[in-house]
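Trainee: Attaching a single structure in structure tokens format; questions to follow.
Please treat every number below as a calculation from the coordinates, not as lab data. Please read these numbers as outputs of a predicted model, since none were measured by experiment. Here Cβ is always computed from backbone atoms with ideal geometry, including for glycine, and neighbour counts include all displayed protein chains.
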Amino acid sequence: MSLTVSTNVYFPLGLGNQYPEFAWKLTAHSPVRAAQKAYQLEVSTTPNFEREFIVWNSEKVNSSEQFGIVYQGSPLKSRTRYYWRAKVWDSSNSCSEWSKFDWFEMGMLDPNIWIAKWISNKPQFDPKHEKVLYFHKYITTGPAVVKGRAYLSALGWYRLFINDIDVTGNALVPRWTPMDHTIEYQTYDISTNFQPGRNRITIIVADGRYRGLLGMSSRRRIYGDSLAAFAQFHLEFEGCGELVATTDESWVVSEGPIRSSDPKAGEVVDLRVNSTESLSVSSYPVQVVSTPKAHLIAEEVPRVQEVDRLAPVGIRKTPSGKQLVDFGQNFAGVVQIKLSGPKGTKVKLSFSEIVGLDGELDLKYVFMGFPWKLRQMDEVTLSGTTTLFQPYFTIHGFRYVVVEGLPDDLGETDICGIVFSSKLSKAGAFECSNPQLEQLWKNVTWSMLSNFVDTPTDCPTRERSGWTGDIQIFGAAATHLVRSQEYLRRYLSNVAYEQLSDGRIPPIIPSETSKSSGSNFLVTLPSTSVGWGDVSVLLPWTLYCYYGDKTVLDKQYNSMCLWVNQLERRARMKSSLKRLFAGPYEEYIVDTGFHWGEWLRPDEGLMSVLLVAVLPPSAVVATAYYAHSTRVLSEIAAVIGKGEDSTRYREAFVKIRDAWRATFVQVRKDGLRIGADKQDDYVRALSFDLLLEEHKSMAVNRLVQLIERADYHIGTGFLSTPMLLPILANNGRPDVAFQLLLQKTSPSWLYQIERGATTIWETWPGYDKRGNASASHNHYAFGSIITWLHEGIAGISPAEPGYRLILIKPIVGGGITYAKASVETPFGLAASSWKVLDENTGAKVHLEITIPTGTSAIVHHGTETSEVPAGTHSFTWRLDQTHVVIDESYSVPYETVENVTTIYNT
């Protein structure tokens, strides 16, 4: 068999999972297009795979699975490197060669091998718990180091230096976890950092998420007051011998040039202070502190670190005479700037996404009238020598930076933007003949990069909080942009931990509170909200649909059941006065508790939706999500072999759906009416499959009427916007979908492009009636629409979990003359590209697709459908034989599209 097997799983150095998962991709060489029918895995402690060193030989396993293969060998050992390889058989029983080996190295699996101690400073040296701490230790080594590993963590963000070499680099570690429960440690290869003789180790620790400002209210010290460091170094020498050095009583602590640092507020640095001199004149012994109750866990996903650099597009003076640097792109990160001036000169760097109408940096817009303010600012006192400055322990959301106090004007090479994000591999691409849609895709990508920092957040400016509703709706879009499976698994693990004992889920994960300090009203009150708490069910389902991830379904299943079961109890036991007239369906209606609702429809301001949230809720939204999550949970139970649960939840869904229909659907002479008769009521009903078959077309017609009444403007908020265009297109109205997508006045996506946006805004208008910016200008929630750019316009989506069967169904229209997209599936790259050919005999559409080995595809080309195997295929058909929109470019009869439900919409 002419087949290449390439291993492709992400294994960090210092793996903490005793049961790692393996994955590989197949490359079949033409003309063979083979599919896997069996596989074999070997894991060894040597790259030569000698028999006596093999710790797991799976033998031949009859299976087509290429990912999610869980290790089943001998127990893995701490700090040991392993090598693995795979080979496969096809249907003719032809066997491939062994793949090239890949490797992974275990971290500290056995807690008994931790001998390091947590060290901090003594309280009398920092009674207010404000200082950044510089921990130091000299160690003497003998012969050359052939293998060195450092295992580090901290209460706060840290950086490790060995002989003044920055080992951590531009990374913000450890990442944000519920720090009263779990704290990450990192593993570093330090084999080349030591030299024979005396070596100096320095660990700098600052507030980070542990002690710094968190959330909209910018509370400090949520997890604790005192910063601390924890490190263990293992050095193996040439010939023989090993040295283990740890943090303990022998270390000293001092101050340094970083005087204070906060992840939100910024960093204050005095370059006149030399950390080496401080070590010799003002250091003092550390204090060993109690081991935190939180568990140390190995990092599981790529670190938050530098992913790009941006040069300024312009530097100008504001009306007040300040230097304003424009990077031309809104992003999350810091700046690196060359500073020069007399000793003692103070330079201030202020950051914002917006320049106001007065030409000055706008520092007020993002807080939307709330009494608290936060200025993102770094402050540097110069030493008298030229310095290339970059803060270590803060991050800002900005496009513009104002520089004050610098004696001379900046040149464009004197400053650059350092972009920070979790370093996730790129997964997809999109382009088309409409440059504004291409810009929309780029804007969504930048908003994702800006908010996939530590944990999925809402904005990199005001809150930086992990809102569950935002990632619940954006999860599918994320899979088209980056390899997000491991990243979102980590988020869901935090969801399960932060979930309350009765099943409710805080709307923010991590919840920005410590369980050890008792309940927090701001956490418990909104923990009943549907659409937000449903992340526990819907996000794992998204990972299954796009990655074929059954592991996450198993792992999160108890959390899902807890959430749905509490909705069941709320419906059955808690009632409002409205329920007195609900009749026999009363026990299936959710009409109590706090609910965020649809959230930020175009005609709703923040204060009005908050007021509605605390009043008796609109049960039409809450009950719809109760039904939807119950149905999805039934399907999940079936996938993981819990048949009785599947049947029980399916029967419950039918009852909830019937109750929803009876309570919220009215059939009138002039058509169907649902709930409050807003666009999202009909989108939700159709997407969640809550309507009788004979009512679906009526719901589509009413949705179109509402859109027409709004002059083809969007009327949905956070929850329903991702479903709006797919519902229209899949129910015979792609013409309306394109008119909404291409609308250029507010509220619309392209209005933001018209206003020069480089990221997605939190609200549809983004500005008030006076022209002043309002709310965040870097939210990814409304950017969830890019799923339809890939799956609708380019027409590539999973028809079976993990893209084992791919649906190719491009929608031609909107004046778009070509479109192409690609996505890295678990099997390899899948791509779809189409172009309108204007020929004398009539316009035609030419489609080219790439289907990865191990999969097949159903292709809709014109009025015909074909099933094709892996490989590259092309199709051409007349434009009048496809589903197009009547526009300026073409004039052809409009035809109804058959409703094709993909795995994403079920």
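Trainee: With θ taken as phi - 60° and the coefficients 6.51, -1.76 and 1.60, list the Karplus ³J(HN,Hα) couplings across the range 413-430 in order, rounded to whole Hz; mark glycine and proline as x.
Mentor: 8, 8, 8, 9, x, 9, 7, 10, 6, 5, 7, 9, 5, 5, 10, x, 8, 8
Trainee: By average Cβ neighbour count within 10 Å, what is the ranking of 591-602, 102-113, 550-561 from highest down?
Mentor: 591-602, 550-561, 102-113
Trainee: Next up: Could you give me the ³J(HN,Hα) list for the range 287-303, computed from phi with Karplus coefficients 6.51, -1.76, 1.60 and θ = phi - 60°, whole Hz, x at Gly and Pro?
Mentor: Computed from phi, the couplings for the range 287-303 are 10, 6, 10, 4, 5, x, 5, 5, 7, 7, 10, 6, 5, 10, 9, x, 6 Hz.
Trainee: Of ALA773, PRO852, ALA830, which is farthest along the charge dipole of the range 735-887 in the positive direction, counting Lys and Arg as +1 and Asp and Glu as -1 at C-beta?
Mentor: In the range 735-887, that residue is ALA773.
Trainee: A follow-up question, please. Can you list the residues, at least 5 places off or on another chain, whose amide H is less than 5 Å from the amide H of THR455, using H built in the peptide plane?
Mentor: So THR455 has HN proximity to no qualifying residue.
Trainee: With each label point set 7 Å from Cα along the Cα-Cβ vector, what nm distance links GLU438 and TYR818?
Mentor: Spacing of the two 7 Å Cα→Cβ label points: 1.0 nm.
Trainee: Relative contact order (percent) for the range 3-106, with alpha-carbon contacts under 8 angstrom and 6 or more residues of separation?
Mentor: 37
Trainee: If you don't mind, there's one more thing I want to ask. Can you figure out the FRET efficiency of ILE640 with ARG221, using R₀ = 60 Å and their beta-carbon distance, to the nearest 0.05?
Mentor: E(calc), rounded to 0.05, equals 0.90.
Trainee: Hey, what does the equivalent ellipsoid look like for the range 405-535, semi-axes from the Cα gyration tensor as sqrt of 5 times each eigenvalue, largest first, whole Å?
Mentor: 32, 22, 13
Trainee: In deg cm²/dmol, rounded to 500, what helix-only [θ] at 222 nm does the chain give when every DSSP H run of at least 4 residues adds -39500 (n - 2.57) and the total is split over its residues?
Mentor: -7000 deg cm²/dmol
Trainee: Taking the Cα centre of the chain as origin and charging only Cβ (+1 Lys, Arg; -1 Asp, Glu), how large is the dipole, in debye to the nearest 20?
Mentor: 1400
Trainee: Hey, got the dipole for the range 114-301? About the Cα centre, +1 on K and R Cβ, -1 on D and E Cβ, debye to the nearest 20?
Mentor: So the dipole magnitude of the range 114-301 works out to roughly 500 debye.
Trainee: List, in the order given, every pair from LYS25/LYS100; LYS122/LYS293; LYS25/LYS423; LYS87/LYS642 whose Cα-Cα distance in the structure shown is over 24 Å.
Mentor: Those over the limit are LYS87/LYS642.
Trainee: How big is the Rg/Rh ratio for the range 114-301, C-alpha atoms only, Rh by Kirkwood, two decimals?
Mentor: Here the Rg-to-Rh quotient is 0.96.
Trainee: I'd like the FRET efficiency for ILE115 and SER425, computed as 1/(1 + (r/R0)^6) with the beta carbon distance as r and R0 of 41 Å, rounded to 0.05.
Mentor: 0.70
Trainee: Using the basic label-point model (7 angstrom from Cα toward the beta carbon), what is the GLU242 to SER91 distance in nanometres?
Mentor: 5.1
Trainee: Greater than 21 Å separation of Cα atoms is the criterion. Which listed pairs, LYS322/LYS346; LYS117/LYS515; LYS322/LYS348; LYS744/LYS844, meet it?
Mentor: LYS117/LYS515; LYS744/LYS844
Trainee: Any idea what angle helix 721-730 forms with the longest principal axis of the chain, computed on alpha-carbon atoms, 0 to 90 degrees, nearest 10?
Mentor: 30
Trainee: Also, quick follow-up: Near the amide H of ARG219, under 5 Å away, which other amide H atoms are found, from residues 5 or more places off or on another chain, if H is placed in the peptide plane?
Mentor: Under 5 Å from the amide H of ARG219 lie the amide H atoms of LEU214, each far enough along the sequence or on another chain.
Trainee: Could I ask something else about it? Between GLU404 and LEU357, take the C-beta separation as r, use R0 = 22 Å, and let me know the FRET efficiency to the nearest 0.05.
Mentor: Given R0 = 22 Å and the Cβ-Cβ separation, E is 0.60.
Trainee: Still on this structure, I have one more. Rounding to the nearest 10 and keeping the result within 0 to 90°, find how far the Cα-based axis of helix 535-547 lies from the longest principal axis of the chain.
Mentor: Helix 535-547 and the main axis of the chain meet at about 80 degrees.
Trainee: Report Rg(Cα)/(2.2 N^0.38 Å) for the range 174-227, keeping two decimals.
Mentor: Here the Cα radius of gyration is 1.57 times the empirical estimate.
Trainee: Would you be so kind as to identify which of TRP251, VAL268, ILE139 lies farthest towards the positive end of the dipole of the range 114-301, taking Lys and Arg as +1 and Asp and Glu as -1 on Cβ and the Cα centre as origin?
Mentor: Farthest towards the positive end: VAL268.
Trainee: For the Cα atoms of the chain, what angle does the longest principal axis make with the long axis of helix 550-573, in degrees from 0 to 90, nearest 10?
Mentor: In the chain, helix 550-573 runs at an angle near 70 degrees to the longest axis.
Trainee: Highest mean first, what order results for 622-634, 698-710 on Cβ atoms within 10 Å?
Mentor: Result, highest mean first: 622-634, 698-710.
Trainee: From the backbone phi of the range 132-148, what are the Karplus-calculated ³J(HN,Hα) couplings (6.51 cos²θ - 1.76 cosθ + 1.60, θ = phi - 60°) in whole Hz, Gly and Pro given as x?
Mentor: Along the range 132-148, the couplings run 7, 9, 10, 8, 9, 7, 9, 10, 10, 10, x, x, 4, 7, 9, 8, x Hz.
Trainee: Straight distance only, please: which lysines reach the Cα of LYS128 with their own Cα at less than 21 Å, same-chain residues fewer than 8 apart left out?
Mentor: LYS264
Trainee: Can you tell me the order of 226-232, 128-134, 455-461, 409-415 when each peptide is scored by its average per-residue count of other Cβ atoms within 10 angstrom, highest first?
Mentor: Descending mean neighbour count gives 455-461, 226-232, 128-134, 409-415.
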